[in-house]
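Participant: Right, I'll just put the structure down here and ask away after.
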Amino acid sequence: MKEPNLTLIALGKIFYRHRSLIALPFFLLLLFLAKPDGKSILPHLLIFSGIIIRLWSAGYIGEKARGRKITAEFRIISGPYHILRHPLYIGNFFLVSGMILLFNPTFWFALLLIIIFLFEYSIIIFAENYILKNLPEKKFRFSFKNLKGEISTIIIVVIIYTLYFFIIPILRQCTE
């Protein structure tokens, strides 16, 4: 049996623990390089889809997914976890893709953000799969109580839209 790459597992744990902080400088750069045109509905559809996928997934997994450490008692196999192994990360991908399209940076920076996201989450998924691989599977029911951790996601999206609709246009007018 092939030995796992312990360096990737350790890196995945680090990325998982600091996933929000890792995103922050890139988001700030995205704001700085933003050239929103507001002509497409696609960014809004992606963001909305990301939120829906995250809410659906969080309703099954709950607070465990909000921690800073990769831990679980079971591998969930119901709801979106019946279809996908990492639906929260798919939701994140839709959110990030929507944000990138919403703020419309240069092509090279948009591409760089997508590559960094895929790199980071691929390593997190590798570590998660290794750490959780021998856990028993269990079906859980959706619970609205599990959604309280997603309030922070909703708040972040509201802040982003506030920046998009109010702050960035004011800053653009001041620099013109």
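The values are calculated or read from the model by the stated rules, or taken from the named source; none is laboratory data. All figures in this text were calculated on a predicted structure; none of them were measured in a lab. Cβ sites come from the backbone with ideal geometry, for glycine too, and all protein chains shown count toward neighbours.
Participant: Looking at (1) under 30 Å from ALA10 (Cα atoms); (2) of a type in the set (D, E, K, R); (3) modelled with pLDDT under 95, can you tell me which one LYS145 breaks?
Facilitator: Answer for LYS145: the failing condition is (1).
Participant: Got a sec? Which of HIS86, HIS82, HIS18 is touching a helix residue (DSSP H, G or I) at 6+ places or on another chain (Cβ under 8 Å) and within 23 Å of GLU150 (Cα to Cα)?
Facilitator: Going through HIS86, HIS82, HIS18 in turn, just one is touching a helix residue (DSSP H, G or I) at 6+ places or on another chain (Cβ under 8 Å) and within 23 Å of GLU150 (Cα to Cα): HIS86.
Participant: Same structure, new question: Quick check on GLY67: is it surrounded by 13 or more Cβ atoms within 10 Å (Cβ to Cβ) and either within 20 Å of ILE51 (Cα to Cα) or in contact with a helix residue (DSSP H, G or I) (Cβ under 8 Å, 6 or more places away or on another chain) (or both)?
Facilitator: Values: surrounded by 13 or more Cβ atoms within 10 Å (Cβ to Cβ): no; either within 20 Å of ILE51 (Cα to Cα) or in contact with a helix residue (DSSP H, G or I) (Cβ under 8 Å, 6 or more places away or on another chain) (or both): yes.
When the stated conditions are applied, GLY67 does not pass them.
Participant: Restricting to the stretch 78-121, name every residue that is small (Gly, Ala, Ser) and within 12 Å of the chain's Cα centre (by Cα). Full working, then the answer.
Facilitator: Within the stretch 78-121, the subset small (Gly, Ala, Ser) is 78-79, 91, 97-98, 110.
If the condition is that a residue be small (Gly, Ala, Ser) and within 12 Å of the chain's Cα centre (by Cα), then GLY91, SER97, GLY98 are the ones that fit.
Participant: Give me a count of the residues in the stretch 38-63 that are part of a loop (DSSP other than H, G, I, E, B) and at pLDDT 95 or above.
Facilitator: 1
Participant: Right, next: Among the residues of the stretch 38-54, write down those that are in contact (Cβ under 8 Å) with a residue 60 or more places away in the chain and buried (at least 19 other Cβ atoms within 10 Å of the Cβ).
Facilitator: Passing the criteria: ILE47, ARG54.
Participant: In the stretch 4-27, is there at least one residue being in a helix (DSSP H, G or I), closer than 19 Å to ILE159 by Cβ and at pLDDT below 85?
Facilitator: no
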